[in-house]
1. Can you list the strands (runs of 3 or more DSSP E) found entirely within region 53-163 that contain at least 2 residues being among the aliphatic types (A, V, I, L, M) and over 24 Å from LEU7 (Cα atoms)?
2. Tally up the residues in region 114-134 that are under 23 Å from ALA169 (Cβ atoms), in contact with a Ser or Thr (Cβ under 8 Å, 6 or more places away or on another chain) and either crowded, with 18+ Cβ neighbours inside 10 Å or not assigned by TED's automatic domain parsing to the domain that holds CYS176 (or both), please.
3. Regarding ALA162, is this residue at pLDDT below 95 and out of contact with any Asp or Glu (no Cβ under 9 Å at 6 or more places or on another chain)?
4. Across region 150-165, which residue is nearest to ALA100 (Cα to Cα) among those that are of a type outside the set (Lys, Arg) and surrounded by fewer than 15 Cβ atoms within 10 Å (Cβ to Cβ)?
Amino acid sequence: MEKLQRLTDAGFAALHGLRELRSLDVAECCLVSGRELAKVLEFPKGPPPHLTSLRLAYCSLLKVLKFPCLKRLSLSLLLELTDTGLVAVARGCPSLEHLALSHCSRLSDRGWDQAVNFWKRLQHLNLSSCNQLTEQTLVSIRKACRQLTVLDVSMCQGISVAAVRHFQAQLPHVTCVQSRFVGGADLAMSL
């Protein structure tokens, strides 16, 4: 369903009752409301038991529900996502292994400090261009996410190269840290 920008609640309703749904990509389906998403994905006994991947990128009208078995979630470019929303996502989706939050510019260290404790299974985390985050977020991630192997903090202006190096030294099992242009590095000078 990716990039169906004109998809409305009425069209989305056709998905209701798909108990075997494993993956749903509604990226850029901006006219689908959180209420309709709830109707489609909620069943008398909770969300589809097999849903493991959900992508909501660019979808400002959607809200995340409780998906305790969800393993992959992309909320990239949800400019309205706040610390309060992040904590709600963490509580509702504690089984996440892959999380993408790039360009969620309203997230701060305070929200991460609260949310990260719910994500003990997190392995891949994309925080690129989350400009309010600082090295304090790296400290919170280091303490809580012991299974993390991939981290992207590229273009996070509040995170320094030194903080990234310290993070890597503390967690040698993190095999890939993307940190291009951290600390507000001048892109023209770096190219």
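1. Numbers: elements: 53-55, 72-74, 98-100, 124-126, 150-152.
Filter on region 53-163 gives 150-152.
2. Going through region 114-134 one residue at a time, the tally reaches 6.
3. no
4. Just the residues of region 150-165 that are of a type outside the set (Lys, Arg), to begin with: 150-164.
Among the residues that remain, those that are also surrounded by fewer than 15 Cβ atoms within 10 Å (Cβ to Cβ) are: 161-162.
Numbers: VAL161: 21, ALA162: 23 Å.
Of everything passing the filter in region 150-165, VAL161 is nearest to ALA100 (Cα to Cα).
The values are calculated or read from the model by the stated rules, or taken from the named source; none is laboratory data. Quick caveat, the model's predicted, so the values are computed rather than measured. Please note: Cβ atoms are built from the backbone with ideal geometry, for glycine as well, and neighbour counts cover all protein chains shown.
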